[in-house]
1. Under the Kirkwood approximation for Rh and a Cα-based Rg, what ratio Rg/Rh is obtained for the stretch 115-156?
2. Using only the Cα atoms of the stretch 52-98, what do you get for the radius of gyration and for Dmax, in Å?
3. Only counting other Cβ atoms within 10 Å, I'd like 176, 162 sorted with the fewest neighbours first.
4. Within the P(r) computed for the stretch 59-180, what percentage of the Cα pairs occupies the region above 20 Å?
């Protein structure tokens, strides 16, 4: 191989290395921009959309707590009997089976604890106190209820306690399926953010580029009412007139953050 050919090959190899290096640099730059485009040339704006709606579901839960001795079978029978009576009453007042859900079922022991003064023994050790002893069991069953006919809420709250529920938890009104309202609030929030982006760009002397990222958060707090409680194994005395409840209105809020490329 002549010196001239070797020189040509060397030049060709060098040119090939330069081309490969430039291609790699271009690829890395393009990939970097796709992962984090215009990371140093971007700005963010926020927008919030609100929709006010009337709740369509009243939710509450009730519990039946049964305490007794060591005969778990009889305790279960008593507990289930009261729960079933309450559920039957609820269904008779127009609540569908799909809106009645068991939240919790537990069987827990009840202990008798002994207190005593340690007694020193001749060998230098101390006689321990007697260990705790199981004297009975407590069975708790909790049920979540959704009521869609608000005219029946007060009657149902009073009725479940009359049927044997020990407690009725906080009543709250909410929207069963908020997706349509969230979509409406989301559209409003995005439009507000877009308008703000154009204003910021005009004041800042630049143009709005591509939309790089969008973040969202939504909030629709339920409306709570005071708690009613029944006391004792058979529930409290709720023979008074059933309470009148009003659902009020609920605000569905969606907030967005839009990040744009600066041009």
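1. Values: Rg = 26.1 Å, Rh = 16.3 Å.
Computed over Cα atoms, the ratio is 1.60.
2. 15.4, 53
3. Working: 176 11, 162 17.
In order of increasing Cβ crowding within 10 Å: 176, 162.
4. On the way: 4088 of 7381 pairs.
Everything past 20 Å amounts to 55 percent.
Every number in this text was worked out from the coordinates using simple rules, so none of it is lab data. Remember, it's a predicted structure, so these values are computed and weren't measured experimentally. Every residue, glycine as well, gets a Cβ built from its backbone with ideal geometry; the counts of neighbours run over all protein chains shown.
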